[in-house]
Amino acid sequence: MIDYRVRFRTNLVIAACGLAAFAVVPFVANSGLLFLAGLVAINIVFGLSWNFLFSGVGLLSFGHAMFFAGGAYGMALITRHVPEMPFLLALVLGAACGGLIALVFGVVALRRASGVYFAVLTLAFSELIHILITKTTFLGRNDGLTGIPRPVIELGFGTLNLTSATAYYYFIIIAMTLVAVMMWCFQNAPAGRLLQAIRQDQMRTAFLGTPIQGWQLTAFVISGTVAAFCGAVMVPFTQIASPEIAYWTVSTQPILFTLLGGAGQFWGPAVGAILFGAIDYGTRTMHGLSEITVGVLLLAVVLIIPGGLLGLLKRRRAAASKSARSETAGERTSETEAGK
Amino acid sequence: MTRIMEARAMHKSYGQVKVLEDVSFDLEEGEAHVVIGPNGAGKTTLFRCLSGETRINSGSIMLNGQDVTGLAGWQRVQRGIGRSFQVARIFQDMSAFENLIVAIETRERSEKGLWASFGHIAPRRAVMDEAERLVHELGLEGTLDDPAGTLSHGDKKRLELAMSLALRPKVLMLDEPTAGMSPSDRSEAVRLISDVRARYGLTLLLTEHDMEVVFGLATRLTVLHHGAIIASGEPHKVRADARVREVYLGQH
Ligand SMILES: Nc1ncnc2c1ncn2[C@@H]1O[C@H](COP(=O)(O)OP(=O)(O)O)[C@@H](O)[C@H]1O
Ligand SMILES: [Mg+2]
């Protein structure tokens, strides 16, 4: 029988270990690496938001850049035009921008298309948003919106100064950990179970008495909101919202993370994002090598270990526990529960 | 007797192919109504139309005195229909136990509203207990933790039946519940279905191929042939009907 408590604790520990590992970075790395680590942390949740849709409810998105950019531009606009707005509220509104885009798009597209057709629509709509950004003066056209300041948060009993890159980095990793844990909880709670049921068999779920489209739309909006939150959090870090983040290549990133790390596991995109960041860093001096490496690696993963790295790990463990079945029975449960 | 379902003058075609022509169909509360007919007669299509999987081209369907003709499948389920599929549909990658949990939680969501879904992660104790009860009732004990996709054919059917029961339906619709089973599994399944029907006070609507199953379960028999009903009534009378013998029973 599934031990839900063990499963929850295991994943909380995984999240805490991840947070701890990221928290060490400022002590051991230079500012360039710190910057990269911050982006990787954001990418992890960006990847999780995509896989929430793909593995969580069975919707394929080729246009996640539109949400990411929606959040980033929303945040940049608020910071510029309403500088007195509290930072956290601005973040929430930025995330809501992505949710709104997802809602508008989802209402139209989910009724008409599914599968690959739906995916192509997301791609088209995302490109539309990219073009819109590059043509709108209000959004800075090709230059983007620059000079976004990092915040000083008023806490009532004092202030939290996040203007330095390091301070803001800590804000990022804590925020991302919280969102990741929230997503895990949602996916493993009744609503998440239902979404998973929809992915596995829509017809069966409908004939349990569930309005499929309503739930798909809900999942789409949640995914868009989380992706936009990532974009919104990134903007004060990089201090710019540029049109590149709305480009289709950004939409491919969470897909790459997920395929590398393993779509079938909750933390798959996280592993993929970290690996992707490491490759980026390792090949930073040689232009184009990073794309080649990622391409080759992706090919290798898809062809040789279709379940991604975590999928491989899980299979290994399953095999090991099968051979050890006669010896220890107790430990096995906690192992197989990990990463579910 | 109260009439639980009442379909009038249903027409259904797929493109040019007319599958159901002027079919009227009643389901009385408490009966076990079996629909038979040669392959391609339109039994599954009738099921689809009644359950809301597909819309009829014309005609009307009443459920508990309410017009449900324009309602989608999930809405009819919320009004008391539970159904299985000719090829069992279950959540393949979930364990059998989780399949049941999802079904029970869905019923609670329909009964108590959306908020029943929030505020906790693991299924509530009552849900787990109910799932365990269903497991024992339907004899699924040995297969709980395996991914449902790896279950035997018969266990899949049983699991699907258990999921439908978890919805506490008034009407249970089973499309060829014993298809593909060995003779011994088949009589086992018949026993299970009549057990369940008695225990839950269900109204049953099923299609079936196997005559032993038909006469083991049916309190009313309807024969469908080329998309039209040619006989309907008490099983032994239908069996004696000359036209029925000619088109269907005679072949066996
Ligand atoms: N989705 C569909 N599209 C076109 N024709 C269909 C479809 N479903 C069923 N049919 C046709 O309708 C007829 C009745 O099929 P069905 O209801 O499955 O019969 P039964 O369940 O009695 O064997 C068959 O001739 C079949 O070819
Ligand atoms: Mg059929």
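Using a cut-off of 20 Å between alpha-carbon atoms, which lysines can reach B:K112, once sequence neighbours fewer than 8 places away in the same chain are excluded? Within the straight-line cut-off, B:K112 pairs with B:K170. How big is the Kirkwood radius of region A:125-237, worked out from every pair of different alpha carbons and given in Å to one decimal? Its Kirkwood hydrodynamic radius stands at 17.5 Å. Within chain B, DSSP assigns beta bridges of which about 55% are antiparallel (rounded to the nearest 5). The A:T146 and B:A126 beta-carbon pair, evaluated with R₀ = 56 Å, returns a calculated FRET efficiency of approximately 0.50. Amide H contacts of B:V19 (H built 1.01 Å from N, in plane; Pro and chain starts excluded): B:K12, B:S13, B:Y14 sit under 5 Å, all sequence-distant by 5 or more or on other chains.
Can you give the longest run of chain A that contains no GluC sites (Glu not before Pro) sitting in a DSSP loop with at most 11 other Cβ atoms inside 10 Å? Here the longest run is A:85-326. Please give the helix A:115-135 orientation as an angle from the longest Cα principal axis of chain A, in degrees from 0 to 90, rounded to the nearest 10. For helix A:115-135, the angle is close to 20 degrees. The sum of -39500 (n - 2.57) across all DSSP H runs of n ≥ 4, divided by the residue count of chain A, sets its helix-only mean residue ellipticity at 222 nm to -24500 deg cm²/dmol. Note on chain B: helix-only mean residue ellipticity at 222 nm, from DSSP H runs of 4+ residues weighted -39500 (n - 2.57) and normalised by residue number, equals -11500 deg cm²/dmol. Net length available on complete extension from A:L34 to A:F138 is 34.3 nm, with 0.36 nm assigned per residue and the Cα-Cα distance removed. Cα centroid distance between region B:32-108 and region A:61-122, in Å? Rounded to whole Å, the Cα centres lie 37 Å apart. Rg/Rh for region A:231-333 (Cα atoms only, Rh after Kirkwood) is 1.12. Here the simple spin-label model places points 7 Å from the Cα toward Cβ, and for A:T163 and A:Y117 these points are separated by 5.5 nm.
Dividing the Cα radius of gyration of region A:2-247 by its Kirkwood radius returns 0.99 for Rg/Rh. Relative contact order of chain B, taken over Cα pairs closer than 8 Å and 6 or more residues apart, is 27 percent. Computed with a 1.4 angstrom probe on protein heavy atoms, the B-A interface buries about 2900 square angstrom of accessible area in total. Report the Stokes-Einstein translational diffusion coefficient (µm² s⁻¹, integer) for region A:1-138, Rh taken as the Kirkwood radius over Cα pairs, at 10 °C with viscosity 1.306 mPa s. Diffusion coefficient, whole number: 90 µm²/s. On the basis of the beta-carbon distance and an R0 of 30 Å, B:K18 and B:E246 show a calculated FRET efficiency of 0.85. If a spin label sat at a point 7 angstrom from the Cα of A:R9 along the line to its beta carbon, the backbone N atoms of region B:105-131 nearer than 18 Å would be those of B:121-123. Based on alpha-carbon centroids, what's the gap between region A:160-233 and region B:186-248 in Å, whole number please? Going from one Cα centre to the other spans 48 Å. Once the chain from A:A300 to A:F27 is taken as fully extended at 0.36 nm per residue, the excess over their C-alpha distance is 94.8 nm.
Would you compute the Debye intensity of region A:127-181 from its alpha-carbon atoms alone, equal scatterers and no solvent, and pass along log10 I(q)/I(0) at q = 0.14, 0.25 Å⁻¹ to two decimals? At q = 0.14, 0.25 Å⁻¹ the computed log10 ratios are -0.64, -0.89.
Just need log10 I(q)/I(0) for the protein assembly as shown at q = 0.05, 0.10, 0.12 Å⁻¹, Debye formula, equal scatterers on the alpha-carbon atoms, no solvent, rounded to two decimals. The calculated log intensity ratios at q = 0.05, 0.10, 0.12 Å⁻¹ are -0.28, -0.92, -1.16. If a paramagnetic tag sat 7 Å from the Cα of B:M62 along the Cα-Cβ line, which residues of region B:1-24 would have the backbone N under 15 Å from that point? In region B:1-24, the label zone of B:M62 (backbone N under 15 Å from the point 7 Å along Cα→Cβ) covers B:1-10, B:24. The Rg/Rh ratio of region B:163-252, with Rg taken over Cα atoms and Rh as the Kirkwood radius over Cα pairs, comes to 0.98. Once the Cα atoms are used to define both axes, helix A:289-304 deviates from the longest principal axis of chain A by about 20 degrees. Rounded to the nearest whole angstrom, the semi-axes of the ellipsoid equivalent to region A:193-266, taken from the Cα gyration tensor as √(5λ), stand at 31, 15, 10, largest first. Taking a sphere under 11 Å around the Cβ of A:G56 and counting the other residues whose Cβ falls inside, with K and R at +1 and D and E at -1, yields a net charge of +2. A crude spin-label estimate for the pair B:A72 and B:H136, with each label 7 Å from Cα along the Cβ direction, gives 3.8 nm.
If I take R0 = 25 Å and measure r between the Cβ atoms of B:R8 and B:R55 in this structure, what FRET efficiency does the formula 1/(1 + (r/R0)^6) give, to the nearest 0.05? Present the calculation step by step, with values, prior to reporting the outcome.
Numbers: r = 15 Å, r/R0 = 0.60.
That pair, B:R8 with B:R55, gives E of 0.95.
Here chain B was treated as a single set of alpha-carbon atoms; its pair distances binned every 5 Å from 0 give 1, 6, 13, 17, 19, 16, 13, 8, 4, 2, 1, 0, 0 percent.
Taking the Cα centre as origin and putting +1 on Lys and Arg beta-carbons and -1 on Asp and Glu beta-carbons, what dipole magnitude results for chain A, to the nearest 20 debye? Let's see the in-between values first.
Working: 21 positive and 13 negative charges, 168 e Å.
Here chain A has a charge dipole of around 800 debye.
Sequence-ordered 3J(HN,Hα) estimates for region B:22-38 from the Karplus curve with 6.51, -1.76 and 1.60 and θ = phi - 60° stand at 6, 9, 10, 8, 10, 10, 8, 4, x, 7, 10, 9, 10, 9, 10, x, x Hz, glycine and proline given as x.
Working from label points 7 Å from Cα in the Cα-to-Cβ sense, the A:T283 to A:A319 distance is 2.8 nm.
The values are calculated or read from the model by the stated rules, or taken from the named source; none is laboratory data. The model shown is predicted, which means the values in this text are computed figures rather than measured ones. Every residue, glycine among them, receives a Cβ derived from its backbone with ideal geometry; neighbour counts consider all protein chains shown. These accessible areas exclude ligands, DNA and RNA; they are computed on the full protein's heavy atoms, side chains included. Shrake-Rupley method; radii C 1.70, N 1.55, O 1.52, S 1.80 Å.
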